[in-house]
Structures are given as C-alpha cells and as structure tokens.
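Colleague: Please see the structure below; I have some questions.
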Amino acid sequence: MKAAVVVTPGTIEILQVPDPAPGPGDVVVRPAAVGICGTDLHIMDGEFAPAFPIIPGHEFAGEIVEVGSAVTGYAVGDRVAVDPSLYCGHCYQCKRARGNQCENWNAIGVSRSGAAAEFVVAPMANLFRLPSHLAARDAALIEPLSCAVRGFDVLPRRMADTFLIYGSGTMGLMMLELAKRAGAATVSMVDLNPERLETAKRLGCSAAVTNAEELDAPHGWDVVIDCTGAAAAIRDGLRRVGRGGTFLQFGVSAYDARVEIEPYEIYRRELTITGSMAVLHSFDRAGELMASGVLDPEVFVSHRFPLDRYADALAQFRAGVGRKTLIEP
Ligand SMILES: NC(=O)c1ccc[n+]([C@@H]2O[C@H](COP(=O)([O-])OP(=O)(O)OC[C@H]3O[C@@H](n4cnc5c(N)ncnc54)[C@H](O)[C@@H]3O)[C@@H](O)[C@H]2O)c1
Ligand SMILES: [Zn+2]
Ligand SMILES: [Zn+2]
C-alpha cells in the first residue's frame, strides 16, 4: 500500500509499504480522511514518536475492509471512526480508570502505524460505528472533539456559567460549540489573530476580541479555558477567573513554559486550576455529538489534500493557515 512515512525527524516521504494484517481482535480500515494537528508537527520534529520510521495519522474514520478471526459485531463495509488510544489495561493508572495516563501508553499514528496510508489496523474495542447520515470523510473530526469532551468532563456542570476561551483555532472553536450545548450564559473568545475570530463570530460566540481587557466582566468568568498553550494567554486567563471559578489548561505548552500563580488568590477566591489530556472514555460520546450535528464540517474543515500532498498539508498547517486540514488517502 501507499503511505506517508516520517522516515526520520524532518523527512516525510510517500512510500510503498507492506499491507497491514489484522490480529485476531483487529480490523483493517481504509481511511476516508485523516486530520492533521499539532501532534503530527511534534512527530515530524522528532519530539513525540518513540521510534522512526512511523506512519502518522491519529484522527481518522473510514471503511472496514478486513476483520480479524475473533472480531464480532463488525463486518467488511461497516463505516467507523477510530479512537487511536491504546491503553495497556494493567498498569497503576489503567487500574484506576486513567487510561490516558497509561504508563505503557501507545497510540495509532504516534507509536503504531497510523492512518496517513491506504490501510490502517485498529482494535475492535476502539471503533465507533458511524450512523448512515454521517460522512466518514467528516468523521475524522470525532477524535479532536473527543479531547474537547474530555476537557468538559473535568469542568463543573452548571447552567448559565460564563466562559472565556483563549484561542480560536480548531480546539477553541470546538470548546465554543460544546459550551453552547452545555448551557453557557455567554462564551467570549480571545485570539491575537482577528481572522481566527471571524469563525467564532460565525458560530455565534457572545464576544470575539484580540484582548480580554476589551470585555466588561466585573465578576470575572466562571470558566476560563486555554486553547493556545501560550504562556501570555495562560497568565492573562488565570487572573480573569471569577470567584469559585475554574481554569482549564487544555492547550499544550512548551515543556519549559512557566507561569506564576498567586496562592493567596486561589485560596481567597476558591479557584480551581485543572488540566485535561487527550481522550478518556470520551470517544463514543464525541461520536454521538458529531452525529447530532454539534460541529458543521463545512465550517471546521478548511482544507482537504490527497495523500501524495501530505508534506504540503503539514507545511501549510505549520504556517497557521486555515482550520482543520484533512488528508484523504
Ligand atoms: N488537551 C488536549 O487533549 C488537546 C487536544 C488537542 C489539541 N490540544 C492543544 O490545544 C491547543 C489548540 O489547538 P488548535 O488545533 O486549536 O491550535 P491552533 O494553532 O489552530 O489555535 C491556537 C490559536 O491560539 C491563538 N493564540 C496564540 N497565542 C495567543 C495568545 N497569547 N492569546 C490569544 N490567542 C493566542 C492563535 O492565533 C491560534 O488561533 C494546542 O496547544 C494543541 O496542542 C490539546
Ligand atoms: Zn490530534
Ligand atoms: Zn496502562
């Protein structure tokens, strides 16, 4: 089969590689679309994947073309989205229902062959069956949405909370859509890039500004979410959390980023500072939300490239162009 292969950090090539064979509990999927995100840039830069060469691609959906001998309930021709997370199930963290913190963590497209290829292997346990009205080429959005759903799992559930979201990229916009569904009274968006704010306005945010100082919020916000990873945004956001409010660190910062906290204010204002990482029992729920129309693919997907142009797609994504970029192998 044909695959995009990160041969060594910094070098990506379209190569012919052997077709994958399913284990007894696996299926082989022909991806209809696979998304590109910051994780793929880290893999390309040699910072994330444990070994090379690696076929990237962890955000995907497609059609089953082969089933392993022990697979039940799925057949050739079924359309599925795939949770890329591979938890060991027996480590300290897995035993405490924290699979996303697994000590033997693996993921399709990170440490195992991914979906930037004509075929990819996935365990039966990781499949979400697509309803007939949901196109597989749009269902690649389920994986990033499942990370946003996990983010909401660590937030308090209260009607009429006020939300302030830093970053109007794919993830900030997904958080906006979920906050609207979660009963937010208002959702205000901050992004340094005014072009990025246009999409947030189109999706019906309450306010869209390049500096939160422009907003009138004498009580601060109940929920502040960082979807940038930028220390400046985090610093700004932390001081805007209202009394009893919650700050969610969702953006991925540089390892050496540092932001000061004020313990006195955390005490006095009863603040919660929390984080969320990847997917934790949130994939099927994201699939259900996607099926119910929580995300409009026409808005969220800005570019679709053929597999041969994987390197171009990655370069364009690195340059900050567009929103979700998909490869259609
Ligand atoms: N926690 C998770 O499970 C998880 C999952 C997926 C992505 N992420 C992370 O979420 C973040 C957002 O992902 P994305 O795909 O939307 O990225 P993106 O690059 O498309 O969007 C980030 C946005 O932040 C804006 N920005 C940068 N600095 C800013 C600042 N100081 N103030 C305001 N806005 C600023 C940028 O202009 C950009 O529009 C990334 O750090 C990504 O790695 C986390
Ligand atoms: Zn991703
Ligand atoms: Zn484990």
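Colleague: Show the residue pairs that are 6+ apart or on different chains and have beta-carbon atoms under 7 Å apart, the first residue being within region 231-255 and closer than 12 Å to residue 273 by Cβ and not assigned by TED's automatic domain parsing to the domain that holds residue 211, the second being surrounded by fewer than 22 Cβ atoms within 10 Å (Cβ to Cβ) and at pLDDT 95 or above.
Modeller: Matching pairs, first to second residue: none at all.
Colleague: Here is a follow-up. Only residues that are open to solvent by 50 Å² or more (accessible area, probe 1.4 Å), free of Cβ contacts under 8 Å to residues at least 40 places away in the same chain and under 22 Å from residue 278 (Cβ atoms): list them for region 1-54, please.
Modeller: Across region 1-54, the qualifying residues are 42, 45, 47.
The rows are residues; the columns are (1) β-branched (Val, Ile, Thr); (2) closer than 12 Å to residue 163 by Cβ.
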residue	(1), (2)
187	yes, yes
192	no, no
205	no, yes
209	yes, no
238	no, no
245	no, yes
260	no, no
269	no, no
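Colleague: Let me ask something additional. Helices (runs of 4 or more DSSP H) wholly in region 157-253 with at least 2 residues that are within 16 Å of ligand 2 (Cβ to nearest atom) - which ones?
Modeller: Those helices (runs of 4 or more DSSP H) span 170-181.
Colleague: Let me ask something else about it. If you go through region 167-178, how many residues are open to solvent by 10 Å² or more (accessible area, probe 1.4 Å) and either small (Gly, Ala, Ser) or touching a helix residue (DSSP H, G or I) at 6+ places or on another chain (Cβ under 7 Å) (or both)?
Modeller: Residues that pass the stated criteria total 4.
Colleague: Inspect region 240-247 for any residue being open to solvent by 10 Å² or more (accessible area, probe 1.4 Å) and aromatic (Phe, Trp, Tyr) and give the result as yes or no.
Modeller: no
Colleague: Tell me, which residue of region 3-39 that is in a loop (DSSP other than H, G, I, E, B) and not small (Gly, Ala, Ser) is farthest from residue 122 (Cα to Cα)?
Modeller: Step by step, filter region 3-39, then rank; the result is 9.
Colleague: When you go through (1) away from ligand 2 (no atom under 16 Å from the Cβ); (2) modelled with pLDDT of 95 or more; (3) aliphatic (A, V, I, L, M) one by one for residue 51, which number turns out not to apply?
Modeller: Residue 51 satisfies all of (1) away from ligand 2 (no atom under 16 Å from the Cβ); (2) modelled with pLDDT of 95 or more; (3) aliphatic (A, V, I, L, M) except (2).
The values are calculated or read from the model by the stated rules, or taken from the named source; none is laboratory data. Keep in mind it's a predicted model, so treat the numbers as computed, not measured. Heads up, the Cβs are rebuilt from the backbone with ideal geometry, glycines too, and the neighbour counts pull from every protein chain shown. We work out accessible area using only protein heavy atoms, side chains counted, and drop any ligands, DNA or RNA first. Shrake-Rupley method; radii C 1.70, N 1.55, O 1.52, S 1.80 Å.
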